[in-house]
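Read through the structure below, which is laid out as structure tokens, and then see the notes.
The values are calculated or read from the model by the stated rules, or taken from the named source; none is laboratory data. The structure displayed is predicted, hence computed values, not measured ones. Neighbour counts are summed over all protein chains in view; Cβ atoms, including those assigned to glycine, are modelled from backbone coordinates with ideal geometry.
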Amino acid sequence: MVPKSEGLIALTSGAYQERSTIGNVLIAENIFEEINPQETDPAAPTLFVPREGKRLLSSPPFPGQGRGIFTMSNGQLYAAVGPQLFHIDNNWQWNLLGAISNLLTPVSMSDNGVTAVLVDGTPNGYTVVLATNAFANLVDSTGTFLGSRRVDYSDTFLAFATPGTNQWEVTLSDTVTFNALVTANKDSTPDPIQTFAFNIRQMWLLGTQGTEVWYLAGSTPFPYQEWPNVFIPYGCAAPYSLVRSDVTLFWISQNLQGQPIALQTDGYNVKAISTRALEYEWNGYATVADCIGGTFQQAGHTFIVFNFPSADKTWVYDLSTKQWHRRTWTDSNGVAHRDKAGFFAAVSPSGGYPATIVGQDWATGQLYALDPKIYQDNGQPIVIRRSFPHVMADMRLITHTAFVADFETGGIVAQGEEIAIASGFSRGFSTGFGPLTAQIFNPNAPQLCMRVSRNGGASFGNYRLKGLVSSGNYRSMMRWRGLGMGRDMVYELLWSYNGPSALQGAYVETVPHGA
């Protein structure tokens, strides 16, 4: 009798789906990794938990495309929706401040402690007096300010870059006034400035082909000078992708020889954070130039979010684990799209708000609380998908007698919520989720789905459904039997549950054969 063996299929990385299925076919969708500390003698090296859900905070009085949300230095929250700028008070009420350009592109906003400035890539700018919320068009009689995609602040100066040129300028100290002599040019290469940001009180100017670093020298008339021996041969492929998190910048980049990659600053240099699998995927998008970057921190994880509007995809880099995952929002027809939250801001009691992370809907301008204890996207189910590494034994045939997911069970669901989740699954998912069985979910118990590929991930069978067990039975078996035979087996789990869930790998029972 051939003995059975049982082994842990550990999950030790995020998403990594290579161009060929004989390589990795690792999908991590709406779920991210937490590393179990080795000194705690964990049962598995990692734990995967679902991303946070969205609870509606407030809707704008005039719905329109979300273009950005910002917490100013006084702790107050501002939001751009369509052609309008609003102040959001601590009761989540919208107060219209004024009209801005009628574009679809993101805006940028920063302040010097007294006055905030908003720019939108047009020749116009707009000011808001923080003490009164008085709104006005930015007026510059010197002709220095000619518009900017971005505004940033450091050391009493507000900085701007004229679109389509290599010129940048700063205001006079502690004001929103200009001097025609207080300008400079990025000149080590002739490419125009795509975007810029202060980082650790130094200015990073990102062109289309290369990047320069400037420092505050206190010189006259222009207070900044270029670091003489620092030049980064990587530019910016997507001007709205640039984000700053802590003391690091992140953006979608390219150089003269290459194609899009994600970079982060590393001292006075840069390093790639994107994987080869992701770079191959991004190269297949019609464009990455419209990528919009964002960032927020929650429960010890700092997420760098890249939304690709044309491709309808969201990819997220987790600084705590240095792993990637994809985020989706599932519409009422069961179709997966990029995540609903396109822009992010943190508010706190210092500004009179309850402490929360706020996300702005890119389609409607609505504001959501991003909450790990919410398990839906404003009432829509969050569909979670996680695939496993190849299970092989020197390409020999193996009979798989059982697959056991180390999955949190025994949860409690609010009355009536199960039906909404069930109806979402019964419709099926037309983008990337493959066929579901015709079996309908039991409306009284949300279920976990498993499917298996016997040819290394090239094709999969239908999902097989298993109901989560009753409340309180947290370590019950989630086992599937009768899985068949193969030389290269790949498993995938899919679920949507209005309650807490977690995945800590899986175990597979096998009977090896001789050939």
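Observations, loosely collected:
- Some residue of segment 12-26 being under 30 Å from Thr364 (Cα atoms), at pLDDT 90 or above, touching a Ser or Thr at 6+ places or on another chain (Cβ under 9 Å) and not acidic (Asp, Glu): yes
One line per residue, one yes/no per condition, for (1) surrounded by fewer than 22 Cβ atoms within 10 Å (Cβ to Cβ); (2) in contact with a helix residue (DSSP H, G or I) (Cβ under 9 Å, 6 or more places away or on another chain); (3) touching a residue at least 60 places away in the same chain (Cβ under 8 Å); (4) not in a strand (DSSP E or B):
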position: Asn307; (1), (2), (3), (4): no, no, no, no
position: Thr321; (1), (2), (3), (4): yes, no, yes, yes
position: His325; (1), (2), (3), (4): no, no, yes, no
position: Thr328; (1), (2), (3), (4): no, no, yes, no
position: Gly334; (1), (2), (3), (4): yes, yes, yes, yes
position: Gly342; (1), (2), (3), (4): no, no, yes, no
position: Val358; (1), (2), (3), (4): no, no, yes, no
position: Thr364; (1), (2), (3), (4): yes, no, yes, yes
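- Close Cβ contacts (under 6 Å, 6 or more residues apart or on different chains) running from residues in segment 184-209 that are more than 16 Å from Phe222 (Cα to Cα) and touching a residue at least 24 places away in the same chain (Cβ under 8 Å) to residues that are among the hydroxyl-bearing types (Ser, Thr, Tyr) and assigned to a loop (DSSP other than H, G, I, E, B) comprise Asp191/Thr208; Pro192/Thr165; Gln194/Thr208; Gln209/Thr189.
- Qualifying residue in segment 282-304 (condition: in contact with a Leu (Cβ under 6 Å, 6 or more places away or on another chain), surrounded by fewer than 21 Cβ atoms within 10 Å (Cβ to Cβ), touching a residue at least 24 places away in the same chain (Cβ under 8 Å) and outside any loop (DSSP other than H, G, I, E, B)): yes
- Residues (surrounded by 16 or more Cβ atoms within 10 Å (Cβ to Cβ), part of a loop (DSSP other than H, G, I, E, B) and modelled with pLDDT under 90) located in segment 378-425: Glu408, Thr409, Gly411, Val413
- Tally of residues being surrounded by fewer than 22 Cβ atoms within 10 Å (Cβ to Cβ), of a type in the set (D, E, K, R) and within 29 Å of the chain's Cα centre (by Cα) across segment 131-151: 0
- Taking the criterion of being part of a strand (DSSP E or B) and more than 17 Å from Ala15 (Cβ to Cβ), the residues of segment 255-278 that qualify are Leu263, Gln264, Thr265, Asp266, Asn269, Val270, Lys271.
- Boolean, Val358 is β-branched (Val, Ile, Thr) and more than 15 Å from the chain's Cα centre (by Cα): no
- Count of residues meeting criterion [among the acidic types (Asp, Glu), in a loop (DSSP other than H, G, I, E, B) and either under 28 Å from the mean Cα position of the chain (by Cα) or under 13 Å from Ala116 (Cα atoms) (or both)] in segment 152-177: 1
- Segment 367-395 residues that are touching a residue at least 40 places away in the same chain (Cβ under 8 Å) and farther than 24 Å from Phe344 by Cβ, paired with ones that are among the polar types (S, T, N, Q) and not in a loop (DSSP other than H, G, I, E, B) (beta carbon under 8 Å, 6 or more apart): Val391/Thr510; Ala393/Thr510
- Lys271 more than 15 Å from the chain's Cα centre (by Cα) and without any contact (Cβ under 8 Å) to a residue 60 or more places away in the chain: yes
- Residues of segment 72-87 that are part of a strand (DSSP E or B) and either under 23 Å from the mean Cα position of the chain (by Cα) or within 18 Å of Ala363 (Cβ to Cβ) (or both): Leu77, Tyr78, Ala79, Ala80, Val81, Gln84, Phe86.
- Flag for Glu34 being touching a residue at least 12 places away in the same chain (Cβ under 8 Å), touching a helix residue (DSSP H, G or I) at 6+ places or on another chain (Cβ under 9 Å), of a type in the set (Asp, Glu) and closer than 30 Å to Ala405 by Cα: no
- Failed item, numbered, when Asn102 is tested on (1) surrounded by fewer than 22 Cβ atoms within 10 Å (Cβ to Cβ); (2) in contact with a Pro (Cβ under 8 Å, 6 or more places away or on another chain); (3) at pLDDT 95 or above: (3)
- Residues located in segment 309-319, provided they are at negative phi and either assigned to a loop (DSSP other than H, G, I, E, B) or of a type in the set (Ser, Thr, Tyr) (or both): Pro309, Ser310, Ala311, Thr314, Tyr317, Leu319
- Index of the failed condition, Gly143 passing every other in (1) of a type in the set (Gly, Ala, Ser); (2) in contact (Cβ under 8 Å) with a residue 40 or more places away in the chain; (3) on the phi > 0 side of the Ramachandran plot: (2)
- Check on Gly68, of a type in the set (Gly, Ala, Ser), under 26 Å from the mean Cα position of the chain (by Cα) and within 23 Å of Ile357 (Cα to Cα): yes
- For Val128, the stated conditions do not hold, so it cannot be described as farther than 28 Å from Gly267 by Cβ, surrounded by fewer than 21 Cβ atoms within 10 Å (Cβ to Cβ) and among the aliphatic types (A, V, I, L, M).
- Any hit, segment 75-90, residues being touching a residue at least 24 places away in the same chain (Cβ under 8 Å) and touching a Lys or Arg at 6+ places or on another chain (Cβ under 7 Å): yes
- Residue in segment 234-253 that is more than 30 Å from Leu181 (Cβ to Cβ), loosely packed, with under 15 Cβ neighbours inside 10 Å and of a type outside the set (S, T, N, Q) present: yes
- All positions within segment 346-369 that are within 27 Å of Thr275 (Cα to Cα) and among the small types (Gly, Ala, Ser): Gly359
- Failed condition for Val114, given (1) surrounded by 15 or more Cβ atoms within 10 Å (Cβ to Cβ); (2) in contact (Cβ under 8 Å) with a residue 24 or more places away in the chain; (3) at negative phi: (1)
- Of everything in segment 27-44 that is at pLDDT 90 or above and of a type outside the set (A, V, I, L, M), the residue that is surrounded by the fewest Cβ atoms within 10 Å (Cβ to Cβ) is Glu34.
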